[in-house]
Amino acid sequence: MIFTHRIWQVAGAVSVRSKILGIVLGLVLLLGVVTTLQVRVMSRQALTDRLEEQSISIARDVSARATDLILTNDLYALHQLLEETRLNNADVRYAFITDKNGTVLAHTFGEGFPPGLLAANQADEVDHHQTAVIETEDGLVWDTAVPIFGGEAGTARVGLSEASVQATVESMTGQMLLTTVVVSAVGIAAAVFLTWIVTRPILDLKKSAQAVGQGDFSRQVRPWADDEIGDLALAFNSMTADLAQAEQERAEREQLRSQLLEKVIAAQEEERQRISRELHDETGQSLTSLMVRMQTMKQQCPVPELQPQIEELRQLVVQTLDGVHNLARELRPSILDDLGLEAAIERYVREVNGRWPVEIDLMMMGMDNGRLPPPVETAVYRIIQESLTNVVRHADARHASVLLERRNGRLRTIIEDDGKGFDLRDAAHSERLGLYGLRERAELLNGTLTIETVPGQGTSIFVEVPVNGTDSHSAGG
Ligand SMILES: Nc1ncnc2c1ncn2[C@@H]1O[C@H](COP(=O)(O)OP(=O)(O)OP(=O)(O)O)[C@@H](O)[C@H]1O
Ligand SMILES: [Mg+2]
């Protein structure tokens with residue numbers, strides 16, 4: 001298991017080119033070396049067998065032709081015979097003749113007869129040849145001894161060297177190895193070509209897949225051939241087309257959703273504004289006049305016992321009026337429309353500071369560069385409002401801070417608290433709309449919103465939205 005896993009790891013880590021090259025080269029080399037070895041062994045065997053036969057037949061021939069010469073004691077002719085035999089056959093290393101006592105009568109060694117050679121081989125029985133392989137300085141020699149005239153006249157000995165066999169085998173091996181090398185070279189060229197053919201469309205596909213991964217669905221790959229890879233290219237193209245269509249539908253849906261959301265938020269703001277105005281202008285006016293009349297009534301009441309009760313009722317009206325004003329302001333602070341974001345946020349933070357036991361620092365930079373677009377003002381105001389409401393409702397914080405910075409055409413807002421924090425995953429699954437609304441508002445302005453929170457360590461909300469208009473590079477009030 002582990003072993004095969006390891007093989008896959010190694011084989012999988014190399015490129016397709018190396019794999020194909022490896023297979024081709026491996027097979028060619030294996031075939032070349034194995035057949036070379038086999039042919040070498042077999043041809044050597046065959047050639048030495050022939051050498052042995054040749055050695056026997058030459059020795060027999062010498063023996064037959066030497067009989068008369070020995071019987072007539074013609075040593076010169078005997079010598080001629082041996083020389084002739086040696087010259088006629090290139091393999092013959094030496095030839096010599098002994099008489100039946102083992103004394104050398106004639107030989108081809110010229111100067112000196114090598115010692116020990118005599119004892120190296122001898123005809124065993126009458127009329128039977130005997131071949132021995134003798135090791136000499138110049139390699140192996142097939143030495144055959146044949147009795148002359150049934151052994152009566154002596155023995156003929158002929159030695160055939162294996163030098164030519166050796167040379168033949170070596171040259172054949174060289175030829176075969178050369179062939180292997182040539183075939184390997186052809187194999188490498190073929191493998192390189194094959195790799196190019198195979199990997200070209202794959203590399204194409206890879207590039208296109210990367211492009212598609214980065215959202216470029218217009219990319220099509222050219223099917224190079226009508227094979228499996230060509231089919232893959234076609235499948236890829238149809239997948240890209242499907243993706244492009246799906247992406248287009250998604251973008252349309254997304255656009256529709258943003259439009260709808262924008263309308264919902266605008267309608268909500270309008271409705272809040274309307275209710276706020278109504279509360280302020282109608283309900284507030286009525287309550288004010290009620291309050292004034294009760295004041296008058298109290299002063300003019302003829303029954304003194306009723307006066308405290310009237311005063312009590314008047315106080316109730318005062319409180320209700322206060323509540324109505326607060327509600328109207330919270331629904332839509334007219335200061336936001338009249339004086340802008342900076343003033344509205346200053347007042348809102350002041351109010352929260354006064355009403356709740358949490359200390360809020362406010363810092364605004366670069367805000368004195370003219371009014372922001374109304375949608376940005378409303379959205380940022382609502383984001384800060386919701387974030388601070390969450391701090392008051394959930395965080396248990398002692399300190400919080402609001403930072404606004406307008407710079408380089410962007411408005412950054414950071415709302416931080418030192419409260420108990422929460423688990424973002426839980427909040428994501430909750431049915432609540434507050435945090436969700438924050439993100440929606442930021443994204444509708446093409447901005448971003450990031451929430452960082454760790455349970456027990458507080459919460460930070462970062463909002464960044466692009467704003468048009470003049471930029472400020474230096475911090476301001
Ligand atoms: N600053 C904060 N500190 C601690 N917990 C918070 C904070 N802000 C949000 N949360 C947690 O995240 C949850 C989701 O907040 P979200 O504003 O979406 O809903 P909500 O405030 O409960 O209700 P609403 O929809 O009225 O805003 C909250 O219920 C609260 O548990
Ligand atoms: Mg909330």
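The values are calculated or read from the model by the stated rules, or taken from the named source; none is laboratory data. Small disclaimer: the values here were computed from a predicted structure and weren't measured. Here Cβ is always computed from backbone atoms with ideal geometry, including for glycine, and neighbour counts include all displayed protein chains. These area figures cover heavy atoms from the full protein model, side chains too; ligands, DNA and RNA do not enter into them. Shrake-Rupley method; radii C 1.70, N 1.55, O 1.52, S 1.80 Å.
Residues whose amide H lies under 5 Å from that of Arg410, counting only those 5 or more places away or on a different chain, are Val467; hydrogens are built 1.01 Å from N in the peptide plane.
If you take the square roots of the eigenvalues of the alpha-carbon gyration tensor of region 45-171 and sort them as a ≥ b ≥ c, do you get rounded (a/c under 1.5), prolate (a/b over b/c) or oblate? Don't skip to the end; give the middle numbers.
Numbers: a/c = 1.77, a/b = 1.60, b/c = 1.10.
Prolate, since a/c reaches 1.5 and a/b exceeds b/c.
Centre-to-centre, using Cα atoms only, region 133-182 and region 1-57 are separated by 28 Å.
Note that region 25-31 has calculated 3J(HN,Hα) couplings of 4, x, 5, 4, 5, 4, 4 Hz, one per residue in order, obtained from phi through the Karplus relation 6.51 cos²θ - 1.76 cosθ + 1.60 (θ = phi - 60°); glycine and proline are x. Assuming charge only on the beta carbon of Lys and Arg (+1) and of Asp and Glu (-1), the dipole of region 15-174 about its Cα centre is about 1060 debye to the nearest 20.
Ignoring ligands, DNA and RNA, what percent of the 1.4 Å accessible area of the chain is carbon and sulfur? That share works out to 57 percent. Could you work out how far helix 284-300 tilts from the main Cα principal axis of the chain, as a 0 to 90 degree angle to the nearest 10? Helix 284-300 and the main axis of the chain meet at about 30 degrees.
Enter the mean projected area of the convex hull around the alpha-carbon atoms of region 371-426, in nm², rounded to one decimal. Please list the in-between numbers first.
Working: hull surface 19.3 nm².
If I average the Cα hull's projected area over directions, I get 4.8 nm².
Against the chain, whose longest principal axis comes from its Cα atoms, helix 434-444 is set at around 70 degrees. In sequence order, region 102-113 has phi-based couplings of x, 7, 6, 8, 8, 8, 10, 8, x, 4, x, 7 Hz under the Karplus curve 6.51 cos²θ - 1.76 cosθ + 1.60, θ = phi - 60°, and Gly or Pro positions carry x. Entry comment: accessible area of the chain is 61 Å² per residue, from protein heavy atoms only and a probe of 1.4 Å.
Return the FRET efficiency for the residue pair Thr320, Asp426: r is the Cβ-Cβ distance, R0 is 30 Å, and the value is rounded to the nearest 0.05.
Numbers: r = 38 Å, r/R0 = 1.28.
It comes out at approximately 0.20.
Under 1.5 on a/c is rounded, so check that first for region 378-461, then, if it is not, pick prolate when a/b is larger than b/c and oblate when it is not; a ≥ b ≥ c are the square roots of the alpha carbon gyration tensor eigenvalues.
On the way: a/c = 1.90, a/b = 1.33, b/c = 1.43.
The shape class here is oblate.
Estimated at 0.36 nm per residue, the fully extended path between His128 and Arg253 surpasses their Cα-Cα distance by 34.1 nm. Residue by residue, region 211-220 carries 3J(HN,Hα) couplings of 4, 4, x, 8, x, 8, 8, 7, 6, 10 Hz when phi is fed to the Karplus relation 6.51 cos²θ - 1.76 cosθ + 1.60 (θ = phi - 60°); x denotes Gly or Pro.
With q set to 0.12, 0.17, 0.19, 0.21 Å⁻¹, the log10 of I(q)/I(0) for region 168-231, from the Debye formula over equal scatterers at the Cα positions, is -0.52, -0.70, -0.78, -0.86.
Of all DSSP beta bridges located in region 288-419, what percent are antiparallel, nearest 5?
Working: 8 of 15 bridges.
Bridges in region 288-419 are about 55 percent antiparallel.
Database remark: amide H of Ala153 closer than 5 angstrom to the amide H of Ile148 (H placed geometrically; neighbours at sequence offset of 5 or more, or on other chains; Pro and chain starts carry no H). Rounded to the nearest 10 degrees, the angle from helix 228-278 to the longest Cα principal axis of the chain is 10 degrees.
I'd like to compare 156-167, 191-202: which one has the highest average count of other Cβ atoms within 10 Å, and what's the full order after that? Walk me through the numbers before you get to the answer.
Values: 156-167: 22.2, 191-202: 15.2.
So the peptides 156-167, 191-202, ranked by packing, come out 156-167, 191-202.
Among rounded, prolate and oblate, which fits the chain when a ≥ b ≥ c are the square roots of the eigenvalues of its C-alpha gyration tensor, a/c under 1.5 means rounded, and a/b larger than b/c means prolate? Cα axes put the chain in the prolate bin. Close amide-amide hydrogen proximity is noted between Ile360 and Ala400, each under 5 Å apart and 5 or more residues distant or on a separate chain (H modeled in the peptide plane; Pro and chain starts excluded). Remark: the Gln268-Arg60 segment gains 62.2 nm on full extension, using 0.36 nm per residue and subtracting the alpha carbon distance.
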